[in-house]
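Undergrad: Encoded as structure tokens, here's the structure I'll be asking about.
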Amino acid sequence: MKALVHTAPYVMQLQEWDVPDHGPDDLLIRVKACAICGSDVKGYSGKTGRRQPPIVMGHEASGVVEAVGANVTDFAPGDRVSFDSTVYCRRCAYCLNGQPNMCERRQVLGVSQGTYRRHGAMAEYLVVPYWIAVHLPESLSFAQAALAETVSIGVHAANRTPVRLNDTVVIVGVGAVGLTSLQAMRLKGAGKVIVTDLSPWRLDLARQLGADVAIRADQPDLLGRLRDATGPEGADAVVEAVGIPATVDTALEITRKGGSLTLIGNVTPRVEVGLQSIVAREITVRGTYASGGEYPDCVALVASGRIAVDPLITERARLEDGQAVFDRLYKGVETSIRSVFIFD
Ligand SMILES: [Zn+2]
Ligand SMILES: [Zn+2]
């Protein structure tokens, strides 16, 4: 099979690999679409330590079941499927508690880190345990289904955040995760959603996807502008989807007294925060990571159109052009949310 292999920093090589073996609990899937995540683009630089070569990346994907293991009863060859990015064990305390993203044996598709290497979907075939897979309705295209994983990050963040009908929500950063969080917050009944980002193009997209107010982050007195939009108290709930010191600070300061701050952005390992601002104003701060069992819901939300993914698909590419696509994305493309490899 053809596999796009990350073999060294900044190198993505198209190689001929054997089709992987599948075990009794596995589905062998013929990949039909695989999106490139921001974490893949960062990983290809070799700086994150989470894509140690050689590795086939790709954790946002969909395809057709080619073969199933002996223990598999719910899937058969020919079924259209997508799958969660987290491979979890179903047996540890976290899995049993409904937190598969916290699984003690957690692996992520397309990631190699420390002691494990789990090849992903930037290849013609991949293997996943059947319990992370979800059947796709006919109405859903493979490219749309590949975006269900992106959606799951925003949906999980929204599920982690207490939002009451008509609450005011601020989303800091409207890349893929911010844009799916925005749509999920709308579905939860937020009365007003305010977004901020450096990119006018992304702010426009956020407006199309339901943001009421979109504010350039590089304007003077950003906090003042945000307060003009939220009201002087600040926002009931804030989602931080960038993960650098300046945006975490903005997110905290625009959270109202007693409000909640949900952190998804995960770029700078250590960030200084205003301790008094959290303590004295009784802010509830939550981390949110991957998704926790919401994957079937996310496929359904995409299929029903309640969360739109077509505007997030900004490029369709061939696996053969992988090196060029990664090179370009790494340099930065302002008008990009997700590039998706489409397979025959
Ligand atoms: Zn991702
Ligand atoms: Zn587990």
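Undergrad: Hey, what's the chain come to in accessible area per residue, 1.4 Å probe, Å²?
TA: Values: 14680 Å² over 344 residues.
In whole numbers, the chain has 43 Å² accessible per residue.
Undergrad: Turning to a different aspect of this structure: Amide H to amide H, which residues 5 or more places from Gly175 or on other chains are under 5 Å from it, using H placed in the peptide plane?
TA: none
Undergrad: Also, quick follow-up: Using modelled amide H (1.01 Å from N, peptide plane; none on Pro or chain starts), what sits under 5 Å from the amide H of Arg51, excluding residues fewer than 5 places away?
TA: Ser112
Undergrad: Can you pull the one-decimal nm distance between simple spin-label points at Arg90 and Arg316, each 7 Å off the Cα toward Cβ?
TA: Placing both labels 7 Å beyond Cα along the Cβ direction yields 3.5 nm.
Undergrad: A further question follows. Over all alpha-carbon pairs of region 156-254, lay out the pair-distance distribution in 5 Å bins, whole %, shortest bin first.
TA: 3, 15, 29, 28, 19, 5, 0
Undergrad: What distance in nm separates the simple spin-label points at Gln219 and Gln113, each placed 7 Å from Cα in the Cβ direction?
TA: Between Gln219 and Gln113, the label points sit 3.7 nm apart.
Undergrad: Ordering Leu222, Leu14 by how much accessible area each has at a 1.4 Å probe, largest first, what is the list?
TA: Details: Leu222 25, Leu14 70 Å².
Descending accessible area places them as Leu14, Leu222.
Undergrad: Charges only on Cβ, +1 for Lys and Arg, -1 for Asp and Glu: so what's the dipole of region 192-290 about the Cα centre, in debye to the nearest 20?
TA: On the way: 11 positive and 13 negative charges, 31 e Å.
Charge dipole, region 192-290, about its Cα centre: 140 debye, nearest 20.
Undergrad: Something else about it: Would you grab the residues whose amide H sits under 5 Å from the one on Thr262? Only those 5+ places off in sequence or on another chain, please, with H modelled 1.01 Å from N.
TA: Val238, Val239, Glu240, Arg286
Undergrad: If each residue of separation counts as 0.36 nm, what is the full-extension length gain between Glu16 and Arg227 once their alpha-carbon separation is subtracted? Spell out each step's value before the answer.
TA: Details: separation 211, 0.36 × 211 = 75.96 nm, distance 5.53 nm.
Net length gain for the segment: 70.4 nm.
Undergrad: Rounded to the nearest 5, what % of DSSP beta bridges with both residues in the chain are antiparallel?
TA: Values: 35 of 62 bridges.
About 55 percent, rounded to the nearest 5.
Undergrad: Each residue of region 265-277 in turn: what ³J(HN,Hα) in whole Hz from Karplus with 6.51, -1.76, 1.60 and θ = phi - 60°, glycine and Pro shown as x?
TA: Running phi through 6.51 cos²θ - 1.76 cosθ + 1.60 with θ = phi - 60° gives x, 8, 10, 7, x, 10, 10, 7, 10, x, 4, 4, 5 Hz.
Undergrad: Something else: Projected onto the charge dipole of the chain (+1 at Lys/Arg Cβ, -1 at Asp/Glu Cβ, origin at the Cα centre), which of Ile313, Gln113, Val65 gives the Cα projection farthest towards the positive end?
TA: Result: Gln113, furthest along the dipole toward the positive end.
Undergrad: Taking the Cα centre of the chain as origin and charging only Cβ (+1 Lys, Arg; -1 Asp, Glu), how large is the dipole, in debye to the nearest 20? Present the calculation step by step, with values, prior to reporting the outcome.
TA: On the way: 35 positive and 38 negative charges, 134 e Å.
Charge dipole of the chain: 640 debye, to the nearest 20.
Undergrad: Right, something else. Ranked by accessible surface with a 1.4 Å probe, highest first, in what order do His59, His119 come? Walk me through the intermediate numbers first.
TA: Values: His59 15, His119 65 Å².
Output order, biggest surface exposure first: His119, His59.
Undergrad: Here is a further query. How many angstrom lie between the Cα centre of region 272-344 and the Cα centre of region 210-230?
TA: Going from one Cα centre to the other spans 22 Å.
Undergrad: To one decimal place, what orientation-averaged projected area in nm² is obtained for the convex hull of the Cα set of the chain? Could the numbers behind the result be given before it?
TA: Numbers: hull surface 66.9 nm².
Value for the chain: 16.7 nm².
Undergrad: Would you kindly derive the ³J(HN,Hα) couplings of region 135-151 from the backbone phi angles with the Karplus curve 6.51 cos²θ - 1.76 cosθ + 1.60 (θ = phi - 60°), listing them in order in whole Hz, with x for Gly and Pro?
TA: So the Karplus estimates, Gly and Pro as x, are 5, 9, x, 4, 5, 8, 6, 5, 5, 4, 5, 5, 7, 4, 5, 4, 4 Hz.
Undergrad: Along the charge dipole of the chain, pointing to its positive end and built from +1/-1 on Cβ of Lys, Arg, Asp and Glu, which listed residue (Gly23, Thr284, Ser336) has its Cα farthest out?
TA: Thr284
Undergrad: If we count GluC sites (Glu not before Pro) as exposed when they sit in a DSSP loop and have at most 14 other beta carbons within 10 Å, what is the longest stretch of the chain that avoids them all?
TA: Working: sites that count: Glu104, Glu138, Glu233, Glu272, Glu282, Glu334.
Excluding the exposed sites themselves, the longest stretch runs over 1-103.
Undergrad: With θ taken as phi - 60° and the coefficients 6.51, -1.76 and 1.60, list the Karplus ³J(HN,Hα) couplings across region 330-344 in order, rounded to whole Hz; mark glycine and proline as x.
TA: Here the 3J(HN,Hα) series is 5, 5, x, 10, 5, 8, 10, 10, 9, 8, 10, 6, 10, 10, 5 Hz.
Undergrad: Then there's this: Among Thr247, Val177, Gly154, pick out the residue whose Cα is farthest towards the positive end of the charge dipole of region 148-286, where Lys and Arg carry +1 and Asp and Glu carry -1 on C-beta, about the Cα centre.
TA: Towards the positive end, the residue furthest out is Gly154.
Undergrad: Determine the dipole magnitude for region 3-148: charges of +1 sit on the beta-carbon of Lys and Arg, -1 on that of Asp and Glu, nothing else is charged, the reference point is the Cα centre, and the result goes in debye to the nearest 20.
TA: Working: 13 positive and 14 negative charges, 134 e Å.
Dipole size: approximately 640 debye.
Undergrad: Name the trypsin sites (Lys or Arg not before Pro) in region 225-296 that are in a loop by DSSP and that have at most 11 other C-beta atoms within 10 Å, would you?
TA: Numbers: sites: Arg225, Arg227, Arg256, Lys257, Arg270, Arg281, Arg286; in loops: Arg270, Arg281.
Those satisfying the criteria are Arg270.
Undergrad: Same structure, new question: Once neighbouring chains are kept in place and the probe is 1.4 Å, which whole percent of the accessible area of the chain is contributed by carbon and sulfur? Don't jump to the answer; show the numbers that get you there.
TA: On the way: 7270 of 14680 Å².
Solvent-exposed carbon and sulfur of the chain make up 50 percent of the total.
Undergrad: Suppose R0 equals 41 Å; then what is the FRET efficiency for Ala300 and Gln276 from their Cβ-Cβ distance, rounded to the nearest 0.05? Intermediate results must be reported in sequence, preceding the final value.
TA: Working: r = 43 Å, r/R0 = 1.04.
Computed FRET efficiency for Ala300 and Gln276: 0.45.
Undergrad: So which trypsin sites (Lys or Arg not before Pro) in region 83-188 pass both tests, a DSSP loop state and at most 11 other Cβ atoms within 10 Å of the Cβ?
TA: Hits after loop and neighbour filter: Arg91, Arg164.
Undergrad: Among all the lysines, which ones have a C-alpha under 22 Å from Lys42's C-alpha, if same-chain residues fewer than 8 places away are not counted?
TA: Within reach: Lys331.
The values are calculated or read from the model by the stated rules, or taken from the named source; none is laboratory data. Just so we're clear, the structure is a prediction, and the values are computed from it rather than from any experiment. Glycine gets a Cβ as well: all are built from the backbone with ideal geometry, and neighbour counts include every protein chain shown. Calculation scope for accessible area: heavy atoms of the full protein, side chains included, ligands and nucleic acids excluded. Shrake-Rupley method; radii C 1.70, N 1.55, O 1.52, S 1.80 Å.
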